[in-house]
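**Q** Take a look at this one; I'll ask things after.
The values are calculated or read from the model by the stated rules, or taken from the named source; none is laboratory data. Keep in mind the model is a prediction, meaning the values are calculated, not measured. Glycine gets a Cβ as well: all are built from the backbone with ideal geometry, and neighbour counts include every protein chain shown. Side chains are part of the model used for accessible areas, which takes the heavy atoms of the whole protein and leaves out ligands, DNA and RNA. Shrake-Rupley method; radii C 1.70, N 1.55, O 1.52, S 1.80 Å.
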Amino acid sequence: MNLLEMKHIRKSFDGLEVLKDISISVKEGEILSVIGPSGSGKSTLLRCATMLEHIDGGEISYLGEIAASVKDGKELYVKGEKRKQISSYFGLVFQNFNLFPHYSVMRNITDAPIHVQKRAKAEVYAEARALLKKMGLEDKEDAYPCQLSGGQCQRVAIARALALNPKILFFDEPTSALDPELTGEVLRVIKSLADLKITMVIVTHEMAFARDISDRIIFMDKGLVALEGTPEEVFDAGHARMQEFLGKFNV
Amino acid sequence: MSLNVMLRQLTMGFGQSCLIFALTLLFSLPLGMVVYFGRVSRIKPVSWLVKIYISIMRGTPLMLQLLIWYFGPFYLWKMNIGGYKFTAIILGCSLNYAAYFAEIYRSGIESIPKGQYEAAQLLGYGKSQTFLKIILPQVIKIVLPSVTNEVITLVKDTSLVYSVSYIEMFAVAKQIAAAQTTVLPFVIAGGFYYIFNFVVAWVMELFEKKLNYYH
């Protein structure tokens, strides 16, 4: 069974069709990268998968449970407890972190596990400290986001998402708001998660990174999946549009 | 009249000014939040009514509003308004200030980036949790300087209740000045207002400093 299944997803903004009948699936433990030019619909795809945007057509399911479907213009989104349960399957790391500025690093990470998931405080704190250590931020637990660099903020955001123990973690261009110097430290952290066999879907412009880390890559263009396969298949396929896109990155 | 007697009378009047000030704040600060929710309500007639209410409250003088709140019930329904004056004052001031506070809250709430709501949603916070834990604390920090402005204005606006012949510090000062033909009570009353506002500004600055642990 696929962890995530998106079938025939369509999404328009003000008459502009951003996703045109896209289907993707993600298996448990898999790392999928989504690449493609700006405006190709990559971020929208993630925002639909995480239910931040409502789809105009298609069906989204997690572990075989339908989370959202639109048929004949009738929109069905799960509600109540079921919604909570399905939402707990996934986490999202935003491009611009979206940390809570009035909370310390520790509270950013622990508040949701304690007050949303109602887990024991001591256990959550111990787990958060372990996560911070993994992120190389063990000395920052009392700092506030405004005192951190962009790279450090993004690592806190990753820890915050992981603290809820999601089954799948989405990354929406996690390094696009960072300068090149800080990009490396965030990519290293994401790579270290790959070793833990956490299922990840990563929207990125870091081609070398995507090639290196992914089990599978999707190349999106104009709201469609233009190419899909292993990193070798996608990067060496000689696909015309893909080569044109890669040419701009000199990979 | 000795300075001592004058001071005692003005101080008693000042007590009334403080009472009006405190009660108005007590009611208008939370009421402003209710008005804000009405202003942004998805139910169109509600948001329209609230918009009209805010427009009238801000568009007409508070003194005129006080006169209407106090004398209106008598002219309209021949209500006996004896003993109703203080209620009318608190009602008029609170409803007027709530309109201003609602707009201040709105500016603060609308300045919170959408990403904060999205992050909260992804972390599983419910709507009320998101508002109370994530949004409101940030809004308070943002609106504090504007609220300080309003609070200082309110201290001075308490003097407007002399228009319905309520005896507070300003009315006392006017009476003494007229009776004794001296400007001294006005100077003393001015001193009271100034010192009170100085304290208000100082307290609000402490709050601001306390919230300065992040930006």
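**Q** Please work out if A:Gly150 is within 12 Å of A:Leu99 (Cα to Cα), of a type outside the set (Phe, Trp, Tyr), out of contact with any Cys (no Cβ under 6 Å at 6 or more places or on another chain) and more than 13 Å from every other protein chain (Cβ to nearest Cβ).
**A** Answer is yes for this residue.
**Q** Next question. Taking A:Leu131 as the residue in question, decide whether it is closer than 24 Å to B:Gly124 by Cα and out of contact with any Ser or Thr (no Cβ under 9 Å at 6 or more places or on another chain).
**A** yes
**Q** Now for a different question. Which of the residues spanning the range B:165-214 are under 30 Å from A:Pro101 (Cβ atoms) and aromatic (Phe, Trp, Tyr)?
**A** If the condition is that a residue be under 30 Å from A:Pro101 (Cβ atoms) and aromatic (Phe, Trp, Tyr), then B:Trp202, B:Phe207, B:Tyr213, B:Tyr214 are the ones that fit.
**Q** Right, next: Which one is farthest from A:Pro113 (Cα to Cα) among residues in the range A:162-196 that are away from chain B (no Cβ under 14 Å) and among the β-branched types (Val, Ile, Thr)?
**A** Ranking the qualifying residues of the range A:162-196, first place goes to A:Thr183.
**Q** Is there a residue being touching an Asp or Glu at 6+ places or on another chain (Cβ under 8 Å) and free of Cβ contacts under 8 Å to residues at least 60 places away in the same chain anywhere in the range A:187-203?
**A** Yes: the range A:187-203 contains one or more residues that are touching an Asp or Glu at 6+ places or on another chain (Cβ under 8 Å) and free of Cβ contacts under 8 Å to residues at least 60 places away in the same chain.
Table: residues versus (1) farther than 23 Å from A:Met200 by Cβ; (2) open to solvent by 20 Å² or more (accessible area, probe 1.4 Å); (3) of a type in the set (Phe, Trp, Tyr); (4) in contact with a His (Cβ under 7 Å, 6 or more places away or on another chain).
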{"site": "A:Phe13", "(1), (2), (3), (4)": "yes, yes, yes, no"}
{"site": "A:Leu19", "(1), (2), (3), (4)": "no, no, no, no"}
{"site": "A:Ile22", "(1), (2), (3), (4)": "no, no, no, no"}
{"site": "A:Ser25", "(1), (2), (3), (4)": "no, yes, no, no"}
{"site": "A:Ser40", "(1), (2), (3), (4)": "no, no, no, no"}
{"site": "A:Asp56", "(1), (2), (3), (4)": "yes, yes, no, no"}
{"site": "A:Tyr62", "(1), (2), (3), (4)": "no, no, yes, no"}
{"site": "A:Lys74", "(1), (2), (3), (4)": "yes, yes, no, no"}
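**Q** For the range A:111-124: of the residues being more than 11 Å from every other protein chain (Cβ to nearest Cβ) and β-branched (Val, Ile, Thr), which is most open to solvent (accessible area, probe 1.4 Å)?
**A** Only one residue tops the list, namely A:Ile114.
**Q** Starting from the range B:137-158, keep only residues that are without any contact (Cβ under 8 Å) to a residue 12 or more places away in the chain, then list their pairs with residues that are buried (at least 17 other Cβ atoms within 10 Å of the Cβ) whose Cβ atoms are within a distance under 6 Å, requiring at least 6 positions of separation or different chains.
**A** These pairs meet every condition: B:Pro137/A:His102.
**Q** Can you give me the number of residues within the range A:199-241 that are hydrophobic (A, V, I, L, M, F, W, C), under 20 Å from A:Thr44 (Cβ atoms) and assigned to a helix (DSSP H, G or I)?
**A** Looking only at that region, the number is 1.
**Q** Sticking with this structure for a sec: Identify, from the list A:Glu127, A:Glu138, the residue that is part of a helix (DSSP H, G or I), surrounded by fewer than 21 Cβ atoms within 10 Å (Cβ to Cβ) and among the acidic types (Asp, Glu).
**A** A:Glu127
**Q** Look through B:Tyr117, B:Tyr97 and report the one residue that is open to solvent by 10 Å² or more (accessible area, probe 1.4 Å), modelled with pLDDT of 95 or more and in a helix (DSSP H, G or I).
**A** B:Tyr117
**Q** Further question: Can you name every residue in the range A:82-100 that is of a type outside the set (Phe, Trp, Tyr), under 16 Å from the mean Cα position of the chain (by Cα) and facing chain B (nearest Cβ under 8 Å)?
**A** A:Ser87, A:Ser88, A:Gly91, A:Leu92, A:Asn96, A:Asn98, A:Leu99
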